[in-house]
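So the structure is just underneath, and the comments pick up after that.
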Amino acid sequence: MVNLLLCGNKKVFDGALTQLISITNRTAEIINCYIFTMNLERINSEYLSITDEQIEILNKVVKSKNEKNRVQKIDVTKIYEKELGLGKNENAYCTPYTLLRTLADLVPNMPEKLLYLDIDIMVADDISKLYNIDISGYEYAAVKEKYGCWIIWPDYINAGMLLFNMKEIKKTKLFEKARNLLRTKKMLFADQDAIYKSTTKKKIIPRIFNEQSKFNKKDTVICHFCKRLMFLPYPHTENYKQWHIDQVHKVLKCYTFDKDLEEYMEIKKKYNIQKENIGKE
């Protein structure tokens, strides 16, 4: 069984749908997906929990590939407000939903091994190749941040993919330390910085498990559609996500997920779902 953790509000539906299609189309093992969500209308009227209807559709999709697959919604609003509410990083560069992974040690009955994925990730190969990496004695496994490892610190990580060892994390109190930083110290990359600075022992793994720019390599497992630096026709940043299909083709020159995205569009049409542009969650 592969235990996944996603985080977000109702606008992450497009990302969750495309991602889960890409995973279940390539992975034979049972997929058990938790989605942490919360209602935070006190900050933004659009910060609404992912809906039960959206979860129902996601479940229908994953179960169509394997009856034992499942998607579970976990509302962590109360835990968030107690631990991180009104903290220094609620209005950081991204939404507060990226902070929710640091609550995983406080949610009952979570598995000891948990694969966190940002919503703008697609899986190009069997995800068990990543999940089955041995992380005994480590708090988590991660890939270096493409630019951050040059301009911030040599072992600086990209937190868009983190393979958590929850037993070790509870032992070292990684998330407890990260939450304390998030409450008290304003940080540029909020959750990513807090986790990095609170780490006792991490395992750095190859870039194929969180490729942040080149998506057409044959051995890549994880493709991360994060914001990237482009040099032509002039230096600038782009933030195209996998559901921005035209830009994925025309700008990123990526055709790896065409069958997955065709399935995504068919499902959207079937359930008459209006497209949600989720921005950065």
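Read through the list (1) within 19 Å of the chain's Cα centre (by Cα); (2) in contact (Cβ under 8 Å) with a residue 40 or more places away in the chain, then give the number of the only condition that Thr200 fails.
(1)
For Asn180, are the conditions met, namely being surrounded by 19 or more Cβ atoms within 10 Å (Cβ to Cβ), without any contact (Cβ under 8 Å) to a residue 60 or more places away in the chain, polar (S, T, N, Q) and over 30 Å from Leu261 (Cβ atoms)?
no
Tell me, which residue of region 16-55 that is among the aliphatic types (A, V, I, L, M) and exposed (fewer than 14 other Cβ atoms within 10 Å of the Cβ) is nearest to Ala124 (Cα to Cα)?
Ala28
Those residues that are under 24 Å from Leu182 (Cα atoms) and either out of contact with any helix residue (DSSP H, G or I) (no Cβ under 8 Å at 6 or more places or on another chain) or surrounded by fewer than 14 Cβ atoms within 10 Å (Cβ to Cβ) (or both), I need them from region 56-84; list them, please.
Ile74, Asp75, Thr77, Lys78, Glu81, Lys82
Hey, can you tell me all the residues within region 85-100 that are surrounded by fewer than 22 Cβ atoms within 10 Å (Cβ to Cβ) and touching a residue at least 60 places away in the same chain (Cβ under 8 Å)?
Gly87, Lys88, Ala92, Tyr93, Cys94
Take region 220-246 and flag every residue that is part of a loop (DSSP other than H, G, I, E, B), closer than 22 Å to Asp260 by Cα and without any contact (Cβ under 8 Å) to a residue 40 or more places away in the chain.
Tyr240, His244
Looking only at region 134-174, count every residue that is crowded, with 16+ Cβ neighbours inside 10 Å, of a type in the set (Lys, Arg) and part of a loop (DSSP other than H, G, I, E, B) and tell me the total.
So the count comes out to 1.
I'm checking my understanding of the structure. Among residues of region 237-262 that are charged (D, E, K, R) and surrounded by fewer than 18 Cβ atoms within 10 Å (Cβ to Cβ), which one is modelled with the lowest pLDDT?
Looking at the filtered set, the residue picked out is Glu238.
Let's see how each residue does on (1) closer than 27 Å to Phe215 by Cα; (2) assigned to a helix (DSSP H, G or I); (3) within 19 Å of the chain's Cα centre (by Cα):
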{"position": "Asn3", "(1), (2), (3)": "yes, no, yes"}
{"position": "Gln19", "(1), (2), (3)": "yes, yes, yes"}
{"position": "Glu41", "(1), (2), (3)": "no, no, no"}
{"position": "Glu46", "(1), (2), (3)": "no, no, no"}
{"position": "Lys73", "(1), (2), (3)": "no, no, yes"}
{"position": "Gly87", "(1), (2), (3)": "no, no, no"}
{"position": "Tyr93", "(1), (2), (3)": "yes, no, yes"}
{"position": "Leu100", "(1), (2), (3)": "no, yes, yes"}
{"position": "Leu103", "(1), (2), (3)": "no, yes, yes"}
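Restricting to region 6-15, count the residues that are surrounded by fewer than 23 Cβ atoms within 10 Å (Cβ to Cβ) and either among the hydrophobic types (A, V, I, L, M, F, W, C) or closer than 19 Å to Lys65 by Cβ (or both).
So the answer is 1.
Given (1) crowded, with 16+ Cβ neighbours inside 10 Å; (2) farther than 17 Å from Asn3 by Cα; (3) hydroxyl-bearing (Ser, Thr, Tyr), where does Tyr131 come up short, assuming only one miss?
Every listed condition holds for Tyr131 apart from (2).
Being assigned to a loop (DSSP other than H, G, I, E, B) and touching a residue at least 24 places away in the same chain (Cβ under 8 Å) is the filter here, so list the residues in region 105-124 that pass it.
Once the filter is applied, which keeps residues that are assigned to a loop (DSSP other than H, G, I, E, B) and touching a residue at least 24 places away in the same chain (Cβ under 8 Å), region 105-124 yields Val107, Met110, Pro111, Glu112, Asp118, Ile119, Asp120, Ala124.
Kindly provide the set of residues from region 24-54 that are under 21 Å from Asn165 (Cα atoms) and either out of contact with any helix residue (DSSP H, G or I) (no Cβ under 8 Å at 6 or more places or on another chain) or modelled with pLDDT under 95 (or both), ordered by number.
Ile30, Asn32, Tyr34
The values are calculated or read from the model by the stated rules, or taken from the named source; none is laboratory data. Predicted, not measured: the structure shown is a model, and the values here were computed from it. When we count neighbours, we look across all protein chains shown, and the Cβ atoms used for this are built from the backbone with ideal geometry, even at glycine.
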